[in-house]
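What follows is a set of notes on a single structure, which appears directly below.
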Amino acid sequence: MNIKELAENLGLEEDEYLEILELFLDTGMVDIDKLRSAIEEGNAEEAAQAAHSLKGASGSLGLRKIYDLAMKSEEAARNNSLDGLAEYVQTLKEQLNSLAEIAHK
């Protein structure tokens, strides 16, 4: 993942993008926790809302892999299909952790 390229795509300096990315990582982890809790509680609406939030933020930052996973999670939750969503949540968390490592280099 090329942070400089992502920043340029949004018309930002790399340091500006990294600041926004830090906020995204913080809120993204909160969204993932909400998504995980909603799945455990069987609350499809809450799961869809958490996935939607993550989808919107990641899309705005050009983070395609996270966006795609969040979109699939949201669609599944909106279809009241929570089975298998735990896998998406784990992959999303791994993606955010990888992104955090890149951002903190």
Checklist entry - So which residue, out of 35, 21, 54, gets the largest mean-square fluctuation from a GNM of the chain using Cα contacts under 10 Å as springs? => result 21
Checklist entry - Which value at 222 nm does the chain reach when only helices count, each DSSP H run of 4 or more adding -39,500 (n - 2.57), with the total divided by all residues and rounded to the nearest 500 deg cm²/dmol? => result -27500 deg cm²/dmol
Item to check | Assigned charges on the beta-carbon of Lys, Arg, Asp, Glu; the chain dipole about Cα centre (debye) | outcome: 300
Next on the checklist: Number of Lys pairs in the chain with C-alpha atoms less than 22 angstrom apart, excluding same-chain neighbours closer than eight positions?
Outcome noted: 14
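Under 8 Å for C-alpha pairs, at least 6 residues apart: give me the relative contact order for the range 38-105, rounded to a whole percent. If you can, show how the numbers build up before the last one.
Details: 58 pairs, mean separation 21.8, N = 68.
Relative contact order for the range 38-105 comes out at 32 percent.
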Checklist outcome for this item: Note on the chain: alpha-carbon gyration tensor, axes a ≥ b ≥ c; rule is a/c under 1.5 for rounded, else prolate if a/b larger than b/c, else oblate; result prolate
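No value in this document is a laboratory result; all are computed from the given coordinates. Computed from a predicted structure; not experimentally measured. In this analysis, Cβ positions are derived from the backbone assuming ideal geometry, glycine residues included, and neighbour counts consider all displayed protein chains.
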